[in-house]
Each structure stands twice: as structure tokens, then as C-alpha cells.
1. Can you tell me which residues in the stretch 80-125 are among the hydroxyl-bearing types (Ser, Thr, Tyr) and either not in a helix (DSSP H, G or I) or not assigned by TED's automatic domain parsing to the domain that holds Ser63 (or both)?
2. Would a scan of the stretch 220-234 turn up a residue that is over 27 Å from Glu351 (Cβ atoms), free of Cβ contacts under 8 Å to residues at least 60 places away in the same chain, touching a Leu at 6+ places or on another chain (Cβ under 7 Å) and among the aliphatic types (A, V, I, L, M)?
3. Of everything in the stretch 218-240, what is within 26 Å of the chain's Cα centre (by Cα), of a type outside the set (Ser, Thr, Tyr) and not in a loop (DSSP other than H, G, I, E, B)? Give them in sequence order.
4. Which one is nearest to the chain's Cα centre (by Cα) among residues in the stretch 241-262 that are part of a loop (DSSP other than H, G, I, E, B) and surrounded by fewer than 17 Cβ atoms within 10 Å (Cβ to Cβ)?
5. Of all residues in the stretch 279-309, count the ones that are closer than 18 Å to Ala259 by Cβ and touching a residue at least 24 places away in the same chain (Cβ under 8 Å).
6. Looking at (1) assigned to a strand (DSSP E or B); (2) in the same structural domain as Asp57 (by TED's automatic domain parsing), which is the only condition Arg145 fails?
7. For Ala271, are the conditions met, namely being exposed (fewer than 15 other Cβ atoms within 10 Å of the Cβ) and closer than 30 Å to Ser162 by Cα?
Amino acid sequence: MKSGPIPPATGKRPVVHIGTAVAATVLAIVLWAAVSVVPTSAQTATRTLRGIPLSYDVQTTGSIVTQIPNTVDLVISGPPASVRQVEPGNFTAYVQLNGLSPGTHWVSVHVISDQSVPPQLRVTPQPQQVQVTLQRAVSRQVPVRLSLRGKEADGMQVVQQSVSPPQVTATGSANDVQRVVAALATVDLGAAAQTPSQTVDLQPVDAAGRVVEGVTLSPAQGEVRLQLKQQYKDVPLDVQIEGTPADGYEVTGQQSQPAQVRLYGDPQQLAKIDRLVLPPVDISGQKATLSKVVTVPLPEGVTRVEPTQVTLEVRISPTASAGLSQRSFSGVQVTLQHAPSGASVTPAQVELVVKGASTQLDALRESQLTVIADASGAADGDTLQLRAIVPKGLTAIPSPAQVILHLPAPETQQAAAQSQQQKPTTLPQQQEVAP
């Protein structure tokens, strides 16, 4: 920088421009504000999360909690974006009750936040303290009771049931434990056929069957075992005919295929059913054998029948000769051949329609009629075809044409064989007629 002489004073005041002075003043104020104002804090939002479950831990020996709030509220404050992103599931509210003696206490509520909660958020429980009541715990043994709900599957019946253990320990306040009469194990019968053995939760119940809250059971589960038996009955089918065939034709036989069906249902109702009558077959004007598929009716108390349909056959043939008549004999006893002692058939008596000359029919006595069921090689429950034996010159048709064989238990057969020998059946010298 070069130096030079200082100009002489002139005695005049320097010229100051008004616009320049104003601009300088404004600039000075802005600079002062920039260095003197404290930065404002970020905007704060508040949000309340309601109904947060309140948990607790009691390790005090011999005490239980009988009164404590179920939930508390949490007040969340902080940056708006952070406040909006949290949910109730991000927090756990609890109280610490360890070391407290029986009685009423005020305890502080603590809150734990998971890792997704921003650290700048402030979480305050409302209320910050809660009142809890502890009582001395009592225990006693109560029986385990089995409760069967619902309905068994078709044809099934519970014949035996058990639950283990037979007793459990109920723990709680003296008043609550005193109300407990049993630990209830509830089983759904609808699923019992697939899972006859299952583990179920036990519930403390009072005399009215209501669950007693505040009581714990040890063990808390029981093992239930059910033995189910399928309830069914095989019954013969009774073919019914209505109407008459065309002139010069007659019914020479009738049967169903199969000859019996299996019924499922209530055992008491099944015991009342010995045979099942099928819907009648109309043979009016028929000149040939008639075959028809019919639906098996479902009797009262029966839930299912197998099969649901059967085929009926009515054999119709030209009349053998003119002047023939027929006569019906009801209650003719079925004679069972080649069967062990104690065996029987269902039905034990049948109806026999005998045809022939009127003079011969008029003189016919029931003692001259024999209906035979041959059990050779047959097993229990098998269907046996009936054969009719009548005097020569006559024909006969038993109705029904089949019966069901019932054999005694093997031990019963052995005892009968040891006590006596089976005697052969002597049949009269008559004409055998197959239906």
C-alpha cells in the first residue's frame, strides 16, 4: 500500500446518503437477530394408548393376587412422526410384587418398550401407581370330573370312560378354593371316535358348573380315555305285495337282494326292531317276474341304514293248472338244521302259503308243514334260505324266504357239546319244495 500526504481539513461535514443509512441499519438488525435468538425446539405430539394389559409377577411364597387392575393407559409424547408409528403391542406394562406380604399395597407401574420404539419418545403410564391386594394362598385336593358334550357318531356308544389323574390340587384364596367342587375335563363326543384318548385342559368349577376365577390347578391338564362301541343290528327284510297278477298267472316267489340290512342307532330303539317292512310292490296285471329297486325306510331311533337301497324280486309264472286254491298258515316254526346247541334264527316263525287242490288243502294240518333253515358252514349273522316241506301234491312259499342265523358264544357251544350229543332231526316223508 502506498502512503501519501493527508489531505488538509476543509472544515466541512461529510455527505451522508439517506438510502445508504437505512440499508445499513436493517442489515445491522438482521445480523443481531442471527447471533442473539435461541433456536426453538422441535414440535411435540402427545398420544394415549388405552387398555394396555397389566402383568405381574408374584414369587412370594404363600400369597396370591386377588385384586389388581387388568389394564393401564400409556401417554406417548415426542416427535409427531415417531408418536404415530408406535402401537400398543410395542409396550409391556407390569408391576413388581415380589416380597410383598398379604394385604393391600400401592405399587408403581413400569413400562418396557421393544426395540422398534424410537428412543426420543417419552412413555408415561396412567395411573403411575395401582392398588393391589394379596391374600394368603390355600390349597386342597379336588376330584377330576369328566363332562361329555355333543353327540356320538352314528352307531357309536361310550361303554367305558376314565380320566387321569383322578385328583388335582386347587390353589387360591380361601373363599375361592372353598367354592371349587371339581376340576372339569370336557370332551367333545363328536371327535371321540377319531381320538378316543386325548389331553384336555382342566377347569375349576363350583356346584353350578361355573368356572371359579382366581384358582389354579396342578396339574392343569388331564388324560381322558373313552372306549366306544359301534351299536348296530342286522335285521331281515319283509317283502310286501299288493294287487294280483293277470288272470292265469300267480306269484311263485318273492325275495329282496340283499335279504337283510344293518341298522345303526340308539341301542334301546334297535332292540325293538326284529324285521324291517319294505314298501309294497304293486303286481297288478303283471304277467312276468317283476324286479324293482326301493329305498329302505329309516325307522324311528335309527340314524343310518346300510345299504340304503335294495332290489325286490317278485316271481310271477303262469298258473300250473286250473282249480288250484291256496291256504295261508301263520306262525310256522322254523326248524334249524346242522347248527350247534343254543343257535337260533330271526324270525323264528314265518308265514307259509300252501297251494294245491281245495280238497287236499281243507284236510291239511299245520303239523304236516315243515320249514327248514340249513346252517351248514354258516357263520353268526349269515342269511339262510328257507325250504318248505309239505305233503305230496302241494306247493308252499315261506314269507319271508330268508332268516338270520344267531350262533352262541364259542365257550357256550363247547359246554353244550360236552353235556349232550346233538340228536339228528327226523323229518316226515313229505315233498320238499324250494321257494
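1. Thr92, Tyr94, Ser101, Thr104, Ser108, Ser113, Ser116, Thr124
2. Taking every residue of the stretch 220-234 in turn, at least one turns out to be over 27 Å from Glu351 (Cβ atoms), free of Cβ contacts under 8 Å to residues at least 60 places away in the same chain, touching a Leu at 6+ places or on another chain (Cβ under 7 Å) and among the aliphatic types (A, V, I, L, M).
3. Gln221, Gly222, Glu223, Val224, Arg225, Leu226, Gln227, Leu228, Lys229, Gln230, Lys233
4. Checked the stretch 241-262; the qualifying residue nearest to the chain's Cα centre (by Cα) is Pro258.
5. 10
6. (2)
7. yes
Residue-wise test of (1) touching a strand residue (DSSP E or B) at 6+ places or on another chain (Cβ under 6 Å); (2) surrounded by 13 or more Cβ atoms within 10 Å (Cβ to Cβ); (3) among the hydroxyl-bearing types (Ser, Thr, Tyr).
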| residue | (1), (2), (3) |
| --- | --- |
| Ile316 | yes, yes, no |
| Gln333 | yes, no, no |
| Val345 | yes, yes, no |
| Val371 | yes, yes, no |
| Asp374 | yes, yes, no |
| Gly377 | no, no, no |
| Ala388 | yes, yes, no |
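The values are calculated or read from the model by the stated rules, or taken from the named source; none is laboratory data. Predicted, not measured: the structure shown is a model, and the values here were computed from it. Backbone-built Cβ (ideal geometry, glycine too); neighbour counts: all protein chains shown.
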